Amino acid sequence: MPLTATPIILSQMKPSDNHEGMNHGGAQDNNLLTHTALLGGGIFLVGLLTIAGGFLLKRSRKEDKKSVESSLRPGKTLLGIGIIMLLAGGIVTVTNQLKPASSMAGMEGHDHGNMSHDDMMQVNGSFNPTPVTVKVVKPSLLSASVQYTGSIHPYQEVTVYPRIAGQLTNYSVYPGDKVSSGQALATLDAAEKLTQVAEAAANADSMESDLVASQIEVNEQRQEIERLKAELEYQQKKRDRYALLVKEGAISQDQYDIEDTNTKTAAAALKTAQVKLRRLEAQARSARSNVKQARAKSATASVMKGYTKIQSPIAGIVQERMVDPGVVVQPSMGILKIGEYQRVRLRANVSQRDAAKIRVGTPIVAKVPGSNVKEITGRVTSIFPQTNNDTRTVTIEAVVDNPGNQLLSGQFLEMQIITEREPNALTVPQSALTQFKDKTAVWVVDGETALRKTVTTGLVSGEQIEITNGLKPGDMVITSGHSRLIENQTVSVVDESGETLALGNNQSQGNAQIKLITPDNKNSVKKGSAQLILEIQDKKTNKPLAVENLDVKVTMPMKNMAPMTSMVDIQPDSQPGRFKVDTHFGMKGKWDVVVKVKDPKHQGKADFDFNVE
């Protein structure tokens, strides 16, 4: 708020006094100067005469010794009086000569009517409004937020490890290179792996041959069992016939015993063949398992051979090369770091108190200082479940898209976390708040005066604070200049540069409208006394409206100071609803005329701008 100087207020200007305004070159000032000069000269001359008389009196009685003492005393007295008068006359004369030069400097071109210099220098406090800046309160979205610094991390970050030992060759990727998933990054020189593959393949072939041989033996044994079963069946039938013949006495018992023995021998041979078959089948199953194992070893060898080609596990950007080409690497040695940057993670450490107000889904707004990256918007996607024991902070994270890969890992960022939102909040700058009787209050402009209102505050967002009670939309809250205000003090609204702003406009407000009858042209008004004719009309019918009185303010905006105010004389006109306003435009430039209807039944206000030439 710029410092403002108190303007010279023409408080004694009365347009009714012949409407001549104020004129520094008037007869009053000239007569005053002349009289003062004559007075000073007269006193000076009397002083000289008195001194001369004193000397003459002294000389005339010089020879009379008896009266020396009595003559000296009146002479000295006259001499002293003369000196004093001489000095007084000189002071009056000099002061009279210096006064116009000091007090009237810079005012020669202004028309001040018949007012004297002393009248012009009188200041009426009611005509010196206090300059203030204001903010019109209106509903708007208020986001209560907390702000923290954070950093950017890739969505994924993987370290590429070799699966087998070998010498690193064809290693041509560098940090910053974009790679796709499955892209070859390097190869390993591992000749022994090729030998292992060949050995595994040959062993598998040998095992398959053994399996075939075992299968043939099983088949042969099964055929032998079938033969033995047939022979046993025949021998059993033959034994049964011999048993009948023995009962009939056709053959001897010895013949029957021979056939019975042959039958048992055939049965034993069948059992032996069946046991052998089970053994051969077991051998075949073992051979089959060996084949599977050999094939698995061969496949493993082939896979290990494929591990000599190192591929990227994800699509992303190479962040770091951890070893140089030609190095013999082991499976536990990382060779590359790759990050995924299609999306990135924004992380910030927030205090425990603020973390209690943050949830998954809470909106965030972030920006990267010192870069041309646009403002980043997103939502909290995760809240880490553990508090840092050293800092007592909680890490929150938001995953956002990264078009063009503009966001880089490790970049510093400022993150604003929106903890609460009020869609229709009335807000004022925190600088507008004052304390009155231990309560929060603000100053508002009511017409042309300042009023204090007690308010209740709510959400806080940066320099803005929500007013939940005490204000209504459209209130003009004073944001600066309120430190020196008192209740109902006259104020003047100015902008940041100190230029006076009109509170109204040329459109009438209320149920009555104010029409300017004369002058016809507001853009060309002569400097000096002026008469305005105003007509109060019904806003609906446009007919003249009889009202009790008007309040008219005539001011001229002044840069870096309160506006200059001119006195007015308001008289009702002969026609109903019309008023004559006599005033004085003492300087060229833009003048504001604010008119208010003062009537219990009707309200209206209008602001007219005049260009005085």
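No lab work stands behind these numbers, since they all come straight from the coordinates. The structure presented is a predicted model; accordingly, all values stated were derived computationally and were not measured.
Overview of values
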read-out: Reduced Cα scattering model of region 242-281, Debye log10 I(q)/I(0), q = 0.20, 0.21, 0.24 Å⁻¹; value: -0.61, -0.64, -0.72
read-out: Ratio of Rg to Rh over region 458-612 (Cα coordinates, Kirkwood Rh, two decimals); value: 1.03
read-out: Set 237/271; 522/601; 135/367; 138/598; 135/588; 439/596 screened for pairs whose C-alpha atoms are more than 24 Å apart; value: 522/601; 135/367; 138/598; 135/588; 439/596
read-out: Kirkwood hydrodynamic radius (C-alpha pairs) into Stokes-Einstein, region 426-489, 4 °C and 1.567 mPa s, D in µm²/s; value: 110 µm²/s
read-out: C-alpha center-to-center spacing [region 288-346, region 354-389] in angstrom; value: 35 Å
read-out: Whole-Hz ³J(HN,Hα) from phi, Karplus 6.51 cos²θ - 1.76 cosθ + 1.60, for region 233-248, glycine and proline x; value: 5, 5, 5, 5, 5, 4, 5, 5, 5, 5, 5, 5, 5, 5, 4, 7
read-out: Radius, Kirkwood style, for region 199-275 when every pair of distinct Cα atoms is counted (Å); value: 15.2 Å
read-out: Rg and Dmax [Cα atoms of region 127-258; Å; Rg one decimal, Dmax integer]; value: 47.5, 165
